[in-house]
Amino acid sequence: MNIILIERQELQHDTVILTDRRASHLIKVLGVSSGDSVRIGIVDGPQGLGMVTDICKRFPFQVCLQVQFAEENNQNPGEKPFIDLLLALPRPIMLRRIFSQAAALGVENIFITHAQRVEKSFWNATLLNEKEYRPHLLQGLEQAIDTRVPKIHIHERFKPFVEDVLPEKIKDYSHLLIAHPDSIAPLKDVILEKPDKILVAIGPEGGWIDYEMDRFAESGFAAFSLGKRILKVDTAVVVIHARLSERRDSFGV
């Protein structure tokens with residue numbers, strides 16, 4: 001936890017009182033004492049510093065922070081993420097990791113839809129409820145020192161998604177990509193100029209079927225390969241994000 005994230009409603013008159021895992025982390029891991037300052041941020045808001053004004057180091061833990069935000073830091077720092085993900089719904093245990101990793105790496109939107117090779121039972125997972133997946137997103141932000149929560153868009157039916165939703169969404173992107181093991185094209189052959197915004201589709205275990213690949217191709221998605229090795233979805237997310245970032249940086253400023 002490299003930043004303490006708070007919800008805006010938790011802040012009262014520039015003061016926040018923590019009694020949950022954040023207080024436990026400050027006391028047991030960081031070993032803070034009165035007068036110490038820690039990095040703090042409002043979810044989807046600015047970052048600043050919180051000074052410990054009161055602390056209870058015995059269970060139940062409690063830490064009181066006086067928060068201050070610099071005027072020049074009223075907005076989220078740094079460049080907005082330029083990569084968005086379109087995922088065939090992975091198995092829930094894998095999706096938890098993806099939520100955390102994607103938030104840490106930096107994505108603005110994650111679209112989740114169905115595919116032929118997605119088990120229908122996955123759609124019954126409680127993880128698809130915001131109150132269940134949001135903590136995993138926040139954990140990723142805490143690691144990366146960011147406050148911008150990725151937006152999750154869930155579309156349970158593939159055909160209505162690609163026919164009715166996707167055509168409007170893709171207008172926001174300069175590059176549409178789809179990872180597929182049968183493709184022989186490396187990223188350098190499908191990204192020929194510096195991308196502004198990328199939407200990359202990653203299939204389920206077993207990959208997209210031909211019908212799904214055809215529908216993506218009709219929407220303008222270009223297939224690319226990560227190489228001969230077949231990766232798990234959560235690993236592919238990290239590798240693809242790294243490869244896309246490297247490719248974008250290769251074009252310079």
| Say we look at the range 144-160 and pick out the residues that are charged (D, E, K, R) and surrounded by fewer than 16 Cβ atoms within 10 Å (Cβ to Cβ); which of these is nearest to ILE4 (Cα to Cα)? | LYS151
| Tally time: how many residues in the range 231-244 are of a type in the set (Gly, Ala, Ser) and either surrounded by 16 or more Cβ atoms within 10 Å (Cβ to Cβ) or within 16 Å of LEU87 (Cα to Cα) (or both)? | 1
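Since every read-out is calculated from the coordinates, none of them should be taken as a lab result. Every value quoted in this text rests on a predicted model; they were computed, and no experiment measured them. As a convention, Cβ positions derive from the backbone with ideal geometry for all residues, glycine included, and neighbour counts pool all protein chains shown.
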